[in-house]
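The values are calculated or read from the model by the stated rules, or taken from the named source; none is laboratory data. Only a predicted model underlies this, so the values are computations on that prediction, with no experimental measurement involved. No Cβ is skipped: glycine too gets one built from the backbone with ideal geometry, and neighbour counts run over all protein chains shown.
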Ligand SMILES: Nc1ncnc2c1ncn2[C@@H]1O[C@H](COP(=O)(O)OP(=O)(O)OP(=O)(O)O)[C@@H](O)[C@H]1O
Ligand SMILES: [Mg+2]
């Protein structure tokens, strides 16, 4: 135990001496959080809208009213033909044009699907897709209104099949600011980056400078060596996590609604798999550069893309969706969003928590075995 | 009493044999020199003896324990200084000592005592808070050696401890090695420097993984070269060498700075014949021809050439 303590002290001293490393570990996450936090502010407050109502019926006017009342759409222009629509879109004077076709009312009365057409000025894809989400929100509400109305009138059951094709996208998120949604994810991301890179670099560096060979000749057991690395890096990971959480609350005003201790506990489980992955990288890399490359391109980038951090998993091809089940970050982000935003705990997140634990232990044991074998 | 007994130790990397059936013994308390050119297999042999590499076959007893079956027990009894600098450059002297002492389980009074000793031998008293990386090479090497033996092992393996160190520091380093040896520690040291080999009680020479000579320096000199050696100092060294090499009675030649060493095949040839050949027949002025006792370098060049010829055939 004393031996491991010596090891931990040594690791921390080395991190302390290494100014570059210090900056990477502590400054980078803070900057990342602040930049990403602002970049993630994709809220669209006002959607400049143009309406081309070819139907001009009471139902079409109802729909337009719904758009107005939603609070997101500002209807700047009512136009009479497509040319005007095209012109406004091309000049960038409007973000969305909603076209209500001629037989809109007729179709609804015949209980058929009544399509409306929406045209976007898509130069800002994000904005457009957010607007689309809001539009779908409005149309869904509208069609539900019709269904209940008809149901009330006729006293029969009507399924939603003949409705206005509602598809709720992830961006449809009226109560939640997108930043609130993104920032907890960033927390997970930062914890992952700092622990994986610390771990993978630390062992490869010892190999590169020759001290690993020196350590192997001592009576030090592989498990002592491993704990001597795992414990300090877990500690550092937690310090980073706490700093980032403080900034999240103080700067962005996002408070953790759920249990903070539970959050730290799940973070520990998540750190297990990261350290395991870092350790694995260190067994396949000869130089620090290789280790850096491997952790960024083989581990971190795919993890970020596949975790649902940036792109909603629901929108991925189904094969890719299956792969995301292998990504620890996926579960941790779900947990983070759950705890921070919804204030839920183990009773709702037990599945993710257990998976995270299982993955962490498996990856860590696998890598530890590989590591001990390689040094013996 | 033998502290190290090596038996047919062999290491193959794929098809390549880095160490080929090497056997030797090292007596307790002696300084054992392990010589060989770059890539001869010195480090590979040492790495097997300290339990980092598993032998392909063969075995060795180090301090009475088999490196194959009891590597953990072997590790308890040895100190090792690898060819690379093996301390943490970014830690201070004291932090390095603390760490390695901790790894070997030293603490309390024993730790203080050994720390003092390491600082003394490295000449770093009152400088323990200096960052190790900023120390000069010679001091670093002594600190590394001191740290490698902080737990007072019975056997110490040093892999090229003095490469890249200036001559005075090398001398100081060897004083430290001698001090350890006088204290009863067995030392196995590899080196490129043949002058260092003279400080060793026993020497082995390996070439391309094979052991080609062993004995103490004196025995090596008298046992392996029976024929006389002449040292020649002449004006045009390269021309002289070419002329000499054409003669049947010349065995091997080599250049040492401005001198030529010639191993003769024929005992009847003497200094006069050389002067006659070079000056009278070829007009090269000869300053000096002298019969000499072979240096270790002569012996090794002779042995390595002989071995290489054998390998070609
Ligand atoms: N892990 C390895 N895999 C493959 N070949 C190796 C390995 N380690 C060493 N070798 C080869 O084995 C041979 C002996 O290497 P070794 O390091 O033992 O030589 P050495 O005598 O210590 O040389 P030097 O004086 O340069 O340190 C070399 O040709 C080297 O390339
Ligand atoms: Mg070597």
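Matching residues to (1) within 18 Å of the chain's Cα centre (by Cα); (2) within 22 Å of residue A:236 (Cα to Cα); (3) touching a residue at least 24 places away in the same chain (Cβ under 8 Å):
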| residue | (1), (2), (3) |
| --- | --- |
| A:270 | yes, yes, yes |
| A:275 | no, yes, yes |
| A:284 | no, no, no |
| A:288 | no, yes, yes |
| A:297 | no, no, no |
| A:311 | yes, no, no |
Please list, ordered by residue number, the strands (runs of 3 or more DSSP E) wholly in the range B:185-224 having 1 or more residues that are more than 9 Å from the chain's Cα centre (by Cα) and either within 16 Å of ligand 1 (Cβ to nearest atom) or surrounded by fewer than 16 Cβ atoms within 10 Å (Cβ to Cβ) (or both). B:202-207, B:210-215
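Can you tell me how many residues in the range B:39-51 are within 7 Å of ligand 1 (Cβ to nearest atom) and within 14 Å of chain A (Cβ to nearest Cβ)? Outline the logic, then answer.
Restricting attention to the range B:39-51, the residues satisfying the condition of being within 7 Å of ligand 1 (Cβ to nearest atom) are B:39-45.
Of the ones still in play, those that are also within 14 Å of chain A (Cβ to nearest Cβ) are B:43-44.
The total comes to 2.
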Across the range B:61-92, which residue is farthest from the other protein chains (Cβ to nearest Cβ) among those that are more than 16 Å from residue A:216 (Cβ to Cβ) and in a strand (DSSP E or B)? B:61
Which residue pairs have Cβ atoms closer than 9 Å, lie 6 or more positions apart in sequence or on different chains, and pair a first residue in the range A:348-360 that is assigned by TED's automatic domain parsing to the domain that holds residue A:329 and in contact (Cβ under 8 Å) with a residue 24 or more places away in the chain with a second residue that is surrounded by fewer than 20 Cβ atoms within 10 Å (Cβ to Cβ) and not in a helix (DSSP H, G or I)? A:355/A:325; A:359/A:326
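When you scan the range B:76-86, do you find a residue that is in the same structural domain as residue B:149 (by TED's automatic domain parsing), under 25 Å from residue B:304 (Cα atoms) and surrounded by fewer than 23 Cβ atoms within 10 Å (Cβ to Cβ), even just one?
Yes - at least one qualifying residue is present in the range B:76-86.
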Can you confirm whether the range A:229-241 contains a residue that is modelled with pLDDT of 90 or more, within 14 Å of another protein chain (Cβ to nearest Cβ) and surrounded by 20 or more Cβ atoms within 10 Å (Cβ to Cβ)? yes
Among A:12, A:22, A:5, the single one that is under 30 Å from residue A:212 (Cα atoms), in contact (Cβ under 8 Å) with a residue 40 or more places away in the chain, within 14 Å of chain B (Cβ to nearest Cβ) and in a helix (DSSP H, G or I) is A:12
Check whether at least one residue in the range B:20-38 is more than 25 Å from residue B:194 (Cα to Cα) and either away from ligand 1 (no atom under 14 Å from the Cβ) or not in a loop (DSSP other than H, G, I, E, B) (or both), and report yes or no. no
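Matching residues to (1) within 16 Å of ligand 1 (Cβ to nearest atom); (2) closer than 27 Å to residue B:195 by Cβ; (3) surrounded by fewer than 19 Cβ atoms within 10 Å (Cβ to Cβ); (4) within 14 Å of chain A (Cβ to nearest Cβ):
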position: B:122; (1), (2), (3), (4): no, yes, no, no
position: B:129; (1), (2), (3), (4): no, no, yes, yes
position: B:146; (1), (2), (3), (4): no, yes, no, yes
position: B:151; (1), (2), (3), (4): no, no, no, yes
